[in-house]
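Chemist: Take a look at this one; I'll ask things after.
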Amino acid sequence: MIESHLSLLIVALPLLAAPIVAVLPNGRMPWAFSTLVSWAVFAMACLQLINVSTGNVISYELGGWAPPWGIEYRIDAANALVALIVAGIAAVTLPYALKSVEKEIPQQQHSLFYAAFMLCFTGLLGITLTGDIFNLFVFLEISSLSSYALISLGKQRQALTAAYQYLIMGTIGATFFIIGVGLLYAMTGTLNMVDLAQRLPELYEHRTIQTAFAFIMVGFALKLALFPLHLWLPNAYTYAPTVVTVFLAATATKVAVYVMLRVVFSVFGFTFIEDTPTDELFIILCIAGILMMSFYAIYQHDAKRLLAYSSVAQIGYMMIGIGLGSALGITATLVHLFNHALMKGALFMAIGAIVYQIGSSRIEDFSGLGKKMPWTFAAIVVGGLSLIGVPGTAGFISKWYLILAAIEQQHWLIVVVILLGSLLAVIYVWKLVEALYFKPATESSKTVSVQEAPLMLLIPTWLLVLANVYFGFNTELTVGTAETAIQLLLPGTNK
Amino acid sequence: MDLIIGHYNYWLVIIIMMAGFYTVISRGNLVKKIAGLNIFQVSVFMLYISIGNVKDGAVPIIEKGVTLYSNPLPHVLILTAIVVGVATTALGLALVVRIKEAYGTIEEDEIHNQDHSL
């Protein structure tokens, strides 16, 4: 009974939890309840991934209305993997949240904070699991509106302007997306993605379809912060409360990349994309993005902002995979999506642990802290190595596949850019390591009595750090699932 | 001529869309930006409602003797989008109120100057 409704429960559970959390008394109750919910969702997401790992597709009819009229949840290997990331990151972020939120957010706002967090969680899961393109828009707005509110809760007043800027750009992106959806509906009369995929090929030459495609691409490029539409991201990640940064950095942009993947390959089909300049455009923008944003990251004085710029660069790696459009390219995109969530999650958590102790994320305040906070420092080192893509870490696996995909199509420029990007990553990660370990400790009042971060912050951080190492050796889950997903996304290709 | 008069609602959509979009980009006042965003969204509502119209179609309420109805689905969809638009506006204005409390101004350039003069 429960088994058959699993697909819906994953989304419905946090949605139902949100109002309950909102009315719970402030204190530890809202936190405990949301943590339990996130663990339950994580367990269900694991189950669901096992169910679809053989390559089958689960179709769930919402309210018993048969698709294409009713809303359908359609779960295959690709979105089960993304749902697993979202649920997994929430399940480790929430235990971390207890201490961090107590310090950063006023007590009387705790239950509302966790309610907004649950709504954002619902939205992201809904985007991944739905098979209905308008339903996707609704979930997109649920997650976006709650994340604007979450970002605005940051301690500094810049958090407000960052949230406002994100609201404006996010709404423009989402509105572009519904314009596109509306035009698609006008031409095909359907909103179901499978149905759309069947009806679109005969309309490929039609101007309206091409316009719809352009609107959807630009809309989602804004949401996933594809260079040069990334302007909202650095401020939002820098000024948001630590927990929100960890969660959004590890999930929100990944979910948007997944939507791009779904729209490009499942709805329109890559044959359509190849006729448009989209794939070349993606590759050019990604190359520019990787290089410029990595340079920007090097010159930042704030650790969170440094990682935020690095995120924009890393999104470039994911989108290159889509631009290449080959089986290897999509494998690289899906694997990097997963691995980047792990590494950015770990790094933002480790930086968050430092912020928890010294109340600042400026790199110059970090001097000498490495010796006082050895575990946090070690987490930054391992996370940083993964970000660079050193063999033995998760980051290596995804870059390996991306380079293979580029070599397969003889795109030597991309190979060079990926290697160059990794070198630039060495520089900005080194900047953190240097400040933390090699600079003498300044005996200012801020840092003189600093100790190691509490266990409640260290354990979730290290869970993600160890996951980085684990998925650097065991690629069965990431690459294996990605290869199953490709059979569905690119029918007719043999791996 | 038919292209202009026959599709006048679509032309209106484009005009309103661009007016709203331009306001969002060009204005420095945060409230005006939200107003522009609203106008931009309203154009999408009009687009959807226009899509739903079927030539010579009746109001989609079942009645004897009527065989051709307009398509009600886009109207229902856009109800959802209107709700989303209202929520976005409310949240945006709430943020503007908080920004006014924190900075004492709602002009983008003045906020920018305050943040960078520190």
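The values are calculated or read from the model by the stated rules, or taken from the named source; none is laboratory data. Everything numeric in this text was worked out from a predicted model, so none of it was measured. Cβ atoms come from the backbone with ideal geometry, glycine included; neighbour counts cover every protein chain shown.
Chemist: Of all residues being more than 13 Å from the chain's Cα centre (by Cα) and among the β-branched types (V, I, T) in the stretch A:309-329, which is nearest to A:M260 (Cα to Cα)? Just the residue, please.
Modeler: Looking at the filtered set, the residue picked out is A:I322.
Chemist: What are the residue pairs meeting all of these: first residue in the stretch A:457-481, first residue in a helix (DSSP H, G or I), second residue at pLDDT below 85 and of a type in the set (V, I, T), Cβ atoms under 6 Å, and 6 or more apart or on different chains?
Modeler: Hits for this filter: A:F471/A:T478.
Chemist: Related question: For the stretch A:190-213, which positions are among the polar types (S, T, N, Q) and away from every other protein chain (no Cβ under 14 Å)?
Modeler: A:Q198, A:Q210
Chemist: Same structure again: Mind listing whichever residues of the stretch A:124-138 are farther than 13 Å from A:P67 by Cβ and either touching a residue at least 60 places away in the same chain (Cβ under 8 Å) or part of a strand (DSSP E or B) (or both)?
Modeler: Result: A:L124, A:L125, A:G126, A:I127, A:T128, A:L129, A:L136.
Chemist: Which numbered condition trips up A:M169, out of (1) surrounded by fewer than 23 Cβ atoms within 10 Å (Cβ to Cβ); (2) within 19 Å of A:K223 (Cβ to Cβ); (3) free of Cβ contacts under 8 Å to residues at least 40 places away in the same chain?
Modeler: Single failed check for A:M169: (3).
Chemist: Across the stretch A:174-189, which residue is nearest to A:L222 (Cα to Cα) among those that are among the β-branched types (V, I, T) and at the interface with another protein chain (Cβ under 10 Å from one of its Cβ atoms)?
Modeler: A:T175
Chemist: Hey, among B:D56, B:D115, B:D109, which residue is modelled with pLDDT under 85, within 14 Å of A:T161 (Cβ to Cβ) and more than 19 Å from the chain's Cα centre (by Cα)?
Modeler: The match here is B:D115.
Chemist: Here's a follow-up. Is one or more of the residues making up the stretch A:192-210 surrounded by fewer than 24 Cβ atoms within 10 Å (Cβ to Cβ), touching a Pro at 6+ places or on another chain (Cβ under 6 Å) and farther than 28 Å from A:F42 by Cα?
Modeler: Yes: one or more hits.
Chemist: For the structure I just gave you, tell me whether A:Q314 is of a type outside the set (K, R), closer than 22 Å to A:V433 by Cα, in a loop (DSSP other than H, G, I, E, B) and in contact with a helix residue (DSSP H, G or I) (Cβ under 8 Å, 6 or more places away or on another chain).
Modeler: On the way: of a type outside the set (K, R): yes; closer than 22 Å to A:V433 by Cα: yes; in a loop (DSSP other than H, G, I, E, B): no; in contact with a helix residue (DSSP H, G or I) (Cβ under 8 Å, 6 or more places away or on another chain): yes.
When the stated conditions are applied, A:Q314 does not pass them.
Chemist: Here is a list: A:G55, A:G63, A:G70. Which entry is without any contact (Cβ under 8 Å) to a residue 60 or more places away in the chain and not in a helix (DSSP H, G or I)? Walk me through how you get there before you give the answer.
Modeler: Numbers: A:G55 fails: without any contact (Cβ under 8 Å) to a residue 60 or more places away in the chain; A:G63 fails: not in a helix (DSSP H, G or I).
That would be A:G70, the only listed residue that is without any contact (Cβ under 8 Å) to a residue 60 or more places away in the chain and not in a helix (DSSP H, G or I).
Chemist: For the stretch B:28-38: of the residues being away from chain A (no Cβ under 11 Å) and free of Cβ contacts under 8 Å to residues at least 60 places away in the same chain, which is nearest to B:T88 (Cα to Cα)?
Modeler: Out of the qualifying residues, it is B:A35.
Chemist: Scan the stretch A:143-158 residue by residue and report those that are facing chain B (nearest Cβ under 9 Å), modelled with pLDDT of 90 or more and part of a helix (DSSP H, G or I).
Modeler: Passing the criteria: A:S144, A:L145, A:Y148, A:A149.
Chemist: Please work out which one of (1) under 15 Å from the mean Cα position of the chain (by Cα); (2) more than 9 Å from chain A (Cβ to nearest Cβ) is the condition B:Q41 fails and give its number.
Modeler: (2)
Chemist: Say whether the condition of being in a loop (DSSP other than H, G, I, E, B) and at pLDDT below 85 is met by at least one residue in the stretch A:29-52.
Modeler: Here is the first cut: in the stretch A:29-52, the ones in a loop (DSSP other than H, G, I, E, B) are none.
No, every residue in the stretch A:29-52 fails to be in a loop (DSSP other than H, G, I, E, B) and at pLDDT below 85.
Chemist: Out of all the residues in the stretch A:247-273, which are of a type in the set (S, T, Y) and either surrounded by fewer than 24 Cβ atoms within 10 Å (Cβ to Cβ) or in a loop (DSSP other than H, G, I, E, B) (or both)? If you could, list the steps in order and put the result at the bottom.
Modeler: To start, the set of residues in the stretch A:247-273 that are of a type in the set (S, T, Y) comprises A:251, A:253, A:258, A:266, A:271.
Matches in the stretch A:247-273: A:S266, A:T271.
Chemist: If you don't mind, another one. When you look at A:V218, is it surrounded by fewer than 20 Cβ atoms within 10 Å (Cβ to Cβ) and under 20 Å from the mean Cα position of the chain (by Cα), yes or no?
Modeler: yes
Chemist: Of the numbered conditions (1) within 18 Å of the chain's Cα centre (by Cα); (2) free of Cβ contacts under 8 Å to residues at least 24 places away in the same chain; (3) away from chain B (no Cβ under 13 Å), A:P106 fails exactly one; give the number of that condition.
Modeler: (1)
Chemist: Here are A:T130, A:T93, A:T122: which of them is away from chain B (no Cβ under 14 Å), crowded, with 24+ Cβ neighbours inside 10 Å and either over 20 Å from A:A353 (Cβ atoms) or not polar (S, T, N, Q) (or both)? Don't jump to the end; show me each part of the working.
Modeler: Values: A:T130 fails: away from chain B (no Cβ under 14 Å); A:T93 fails: either over 20 Å from A:A353 (Cβ atoms) or not polar (S, T, N, Q) (or both).
After applying the criteria, what remains is A:T122.
Chemist: Hey, another quick one. Checking B:I25 against (1) surrounded by 15 or more Cβ atoms within 10 Å (Cβ to Cβ); (2) among the β-branched types (V, I, T); (3) at the interface with another protein chain (Cβ under 10 Å from one of its Cβ atoms), which single condition isn't satisfied?
Modeler: Every listed condition holds for B:I25 apart from (1).
Chemist: Here's a follow-up. From the set of residues in the stretch A:359-401 that are among the polar types (S, T, N, Q) and assigned to a helix (DSSP H, G or I), which is surrounded by the most Cβ atoms within 10 Å (Cβ to Cβ)?
Modeler: Among those residues, the one meeting the criterion is A:S398.
Chemist: Still on this structure, I have one more. With of a type in the set (A, V, I, L, M, F, W, C) and on the phi > 0 side of the Ramachandran plot as the only criterion, which of A:A221, A:A225, A:A212, A:A236 stands out?
Modeler: One residue alone meets the criteria, A:A225.
Chemist: On to the next question. If we scan the stretch A:238-246, do we find a residue that is touching a Phe, Trp or Tyr at 6+ places or on another chain (Cβ under 9 Å) and surrounded by fewer than 24 Cβ atoms within 10 Å (Cβ to Cβ)?
Modeler: For the stretch A:238-246, residues touching a Phe, Trp or Tyr at 6+ places or on another chain (Cβ under 9 Å) and surrounded by fewer than 24 Cβ atoms within 10 Å (Cβ to Cβ): absent.
Chemist: Now a separate question. Of all residues in the stretch B:59-113, how many are free of Cβ contacts under 8 Å to residues at least 40 places away in the same chain, of a type in the set (S, T, Y) and at the interface with chain A (Cβ under 9 Å from one of its Cβ atoms)?
Modeler: Looking only at that region, the number is 2.
Chemist: For the stretch A:115-146, what are the residues that are within 20 Å of A:Y239 (Cβ to Cβ) and not hydrophobic (A, V, I, L, M, F, W, C)?
Modeler: Filtering the stretch A:115-146 down to residues within 20 Å of A:Y239 (Cβ to Cβ) leaves A:116-117, A:120, A:143-146.
A:S143, A:S144, A:S146, listed by residue number.
Chemist: Give the number of residues within the stretch A:393-426 that are in contact with a Phe, Trp or Tyr (Cβ under 9 Å, 6 or more places away or on another chain) and over 17 Å from A:H340 (Cβ atoms).
Modeler: If we filter the stretch A:393-426 for residues that are in contact with a Phe, Trp or Tyr (Cβ under 9 Å, 6 or more places away or on another chain), which is where we start, we get A:393-394, A:397-399, A:402, A:406, A:418, A:421, A:424.
With over 17 Å from A:H340 (Cβ atoms) added as a condition, the list becomes A:406.
Residues flagged as in contact with a Phe, Trp or Tyr (Cβ under 9 Å, 6 or more places away or on another chain) and over 17 Å from A:H340 (Cβ atoms) within the stretch A:393-426 amount to 1.
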